[in-house]
Amino acid sequence: MMPTSEIRKQAEIILAGLTAEQKLGQLQCMFAGAVIPVQILQRFPNGLGALALNIGIESTEESIDAAKEQQDIVLENCGIPALRHAEALTGVLTSNATIFPAAIGMSATWNPDLVEKMADLTRKQMVSIGIRHALSPVMDVARDPRWGRVGETYGEDPTLCATMSVAFTKGLQSEELSAGVLATGKHFLGYGTSQGGLNMTANSIPPRELREVYAKPFQAAISEAGLGAMMNSYGTIDGEMVIESRAILNDLLRDEMGFDGIVVSDYMSINRMVDLKVSATPVDGAMRALRAGLDIELPSPYGYIEDLLKEIEAGSLDKNYLDEAVLRILMTKLRLGILDNPYGQESLLDEAYDVGITSPESLKAARESIVLLKNDGLLPLRKDVKKIAVIGPHADSIRLLFGCYTFPAQYDRDISGSMSDMPGMSGLGGLQKDNPYQMPYLKGCEVRDTAPIVEETLQKIYGDRTPTILASLRKKAPEAEFIYEKGCEIAGTNKTGFADAIDVAKAADVVILVLGGKYGWGTNCTTGEGIDCDDIGLPGVQEELAKAIIEVGKPSVFVHMDAKSLSSEYVAAHFGAVLENWYPGESGGQALADVLFGDYNPSGRLPITAPRNAGQIPIYASTQNGSGYFSGDGMVINRYVEGRKDPLYYFGEGYSFTTFAYTDLQVDSEVSAEDTLYLSCDITNMGQMDGEEVVQVYVSDDLASMVRPAQELAGFYRVKLRVGERKTVHFAMKVSQFAFLNTQMQWHVEAGSMTVKVGASSHDIRLTEAFEITNTTTVDGKTRGFYAKAWE
């Protein structure tokens, strides 16, 4: 890899040869692809720094040709290729890419090696078709299930989010960025903690919590994986929009956290500065953003336009801000190697899209993401059951296997035009209602229905490798008779399907009820970007359908599919088995069938606490002593008059068809603040089926100078055990991992007693032991520990 000093030197030479107009071009982006004619790029004679890809149904060969055509126009204009970007949270957002479970589902695997492998496969697919920048992963810590974007995150815990964010970044960027794809940490910072759980609202987070909790995944990805790009959040912190905050985008991000990559705007962030009345004009917003540290404006020029150069010439803006931004962009392009080869690398195509390689990985991810939350002995089902009723809209839909930021969700949005009905989004996200090619397909569809043409098209694209849940069940147990009824729509008040659903339940030996939300964009979804909720229960009449099925009296399995965990006390109490299936991606049907019939032993764990109702929010496992459901000892004067404080399901909870014993915890009794803490324990499979256990390590500070969390996740490890097998699992943690910010806002490891807790969830603690930190010291927050390293 070329040394940074040499990369900078080359970038400075290129910068010196650019006109002011060409420099501005490097700060600009434009849409390209699909219905957008490539000729639009000729309107930018001074070049473009980036291209935002709008990809339709196309082959890999067509994708490669598009990349070449786009880059050739940009190169002809200024000689510097554009950085082509796409979303890649669960796989690159193209019609032929491998689609893995939603990020919340990937986090439910508690398997960072799997996340890294997924990102590596995504890297190969992106590099092969010339996309070298991913607007992923989402590193936001999400603790409010009302927020529609929880499914894009890795959950509530900063340690879990940090582990997964590092894994994704390593897999995507590769050991050498010249062979990788630039990862983007988003949304910096605190975006997932918003007022009322509403998207794009203020983030009321104090400075200490901002750094200790919300910045931790970003810092880990910077320090341990060399994260190359960052995206600002739409939010405001202490009254200041992040997009205009030099304190956040420079002083915190670059000076405190050591970030040296590029900062790109979330789409239309400068527009939002005008909307919120902190900037009078687009150019005023652009100047403030550039001073703050924003490099590239996405997805199209609004503030970064020619008038910005006039302000520089007039002395209103120091030209050094422009030069610094362009220099960072050029250095990034040099690191990626796109100045030498901006096109797709066709030699990777066969490997990147080989279903013999990709399908087993997507199936593994979908299996490991499934969380068994309850089982009274009903599961696994016998394959010789005579008649099984399968009920629910998710059971026979390809679209509902996929979450937001996937091609199926994008295609659904574009066909339905549902974004056009959302406030402030008129004219975006799809065809218009007066379009004669659209409306015939939508006749008879209610809000939140999936248009028939969407299912038909997705069947053509994915049918060979993506069977529905119903089709997968039929294949798994060919001797059983499966009878299906939809029962109800995703949302709305229509109960006309109840009667048929009840009839098939009565006729069956076992019922599988598959319910939940629809995850995507626009008014035909129940969750997603800009689709928040004040009721976190099942949408529409689904809870009533669940009650009607239970009243039939047949053994019943409940499968929940949503971007957030199940929050239904009725379902938890009355169904014999409950599973969390998230949005599992292209192999989701097969994975669920494998679990239901016992061909795979479930091993997922919740990455987010499940509240009983919205009134408990916020509720999470690492709440401070004296807060939340960790009330602690001594004087406790808090309770809910009409409800409980404890959650419906705990962070880290999840069960198996077998049982595991925890024994022989060994912990270093004393360590210095500069040392590494080592611990180990034995895990034994005590049941009758091979399985995997997720061993979780939590740490509590027994006495501290600041109010600390009642317990914090420190590390975890997924271990596979045959029946009767015992393994020793080892953990190593830098003691600096236990640092916190003192009253002087210094990272501070404090002498004193700590307690290690090892268990199967944040609530199910099996082993505990104390250890002593022998001295107090300050540490560098950039190089502190972030999570335990583990092995067997």
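Odds and ends about this structure:
- Selection of the stretch 672-713 for residues being touching a helix residue (DSSP H, G or I) at 6+ places or on another chain (Cβ under 8 Å), open to solvent by 30 Å² or more (accessible area, probe 1.4 Å) and among the hydroxyl-bearing types (Ser, Thr, Tyr) yields only 676.
- The single residue among 374, 386 that is within 29 Å of the chain's Cα centre (by Cα), closer than 30 Å to residue 688 by Cβ and open to solvent by 30 Å² or more (accessible area, probe 1.4 Å) turns out to be 374.
- Test: residue in the stretch 329-337 that is under 30 Å from residue 504 (Cβ atoms) and under 30 Å from the mean Cα position of the chain (by Cα): no
- Checking each residue in the stretch 234-287 for being within 22 Å of residue 205 (Cβ to Cβ), among the aliphatic types (A, V, I, L, M) and open to solvent by less than 40 Å² (accessible area, probe 1.4 Å) picks out 237, 241, 242, 243, 248, 249, 252, 253, 257, 263, 273.
- Against the list (1) farther than 22 Å from residue 761 by Cα; (2) open to solvent by less than 40 Å² (accessible area, probe 1.4 Å); (3) part of a loop (DSSP other than H, G, I, E, B), the condition residue 592 fails is (3).
- Comparison of 640, 650, 655, 600 shows that the only residue that is exposed (fewer than 15 other Cβ atoms within 10 Å of the Cβ) and under 30 Å from residue 142 (Cα atoms) is 640.
- Residue list for the stretch 719-731, filter: surrounded by fewer than 20 Cβ atoms within 10 Å (Cβ to Cβ) and not aliphatic (A, V, I, L, M): 720, 722, 724, 725, 726, 727, 728, 730
- Of all the listed residues (564, 554), the sole one being farther than 30 Å from residue 90 by Cα and part of a loop (DSSP other than H, G, I, E, B) is 554.
- Test: residue in the stretch 344-360 that is at pLDDT 95 or above, of a type outside the set (Ser, Thr, Tyr), more than 30 Å from residue 61 (Cβ to Cβ) and open to solvent by 10 Å² or more (accessible area, probe 1.4 Å): no
- Among residues that are surrounded by fewer than 16 Cβ atoms within 10 Å (Cβ to Cβ), in a helix (DSSP H, G or I) and out of contact with any Phe, Trp or Tyr (no Cβ under 8 Å at 6 or more places or on another chain), residue 7 is not included.
- Residue 301 being of a type outside the set (Ser, Thr, Tyr), farther than 30 Å from residue 552 by Cα, surrounded by fewer than 22 Cβ atoms within 10 Å (Cβ to Cβ) and free of Cβ contacts under 8 Å to residues at least 12 places away in the same chain: no
- Qualifying residue in the stretch 46-62 (condition: surrounded by fewer than 19 Cβ atoms within 10 Å (Cβ to Cβ) and at pLDDT 95 or above): yes
- The set of residues in the stretch 255-264 being touching a strand residue (DSSP E or B) at 6+ places or on another chain (Cβ under 9 Å) and either among the small types (Gly, Ala, Ser) or in a helix (DSSP H, G or I) (or both) consists of 261 alone.
- Looking across the stretch 122-141, the residues that are in contact with a helix residue (DSSP H, G or I) (Cβ under 6 Å, 6 or more places away or on another chain) and within 14 Å of residue 218 (Cα to Cα) come down to 137, 138, 139, 141.
The values are calculated or read from the model by the stated rules, or taken from the named source; none is laboratory data. Given the structure is predicted, the values throughout are model-derived calculations rather than measurements. All Cβ positions, glycine included, derive from the backbone under ideal geometry; neighbour counts span all protein chains shown. Side chains are part of the model used for accessible areas, which takes the heavy atoms of the whole protein and leaves out ligands, DNA and RNA. Shrake-Rupley method; radii C 1.70, N 1.55, O 1.52, S 1.80 Å.
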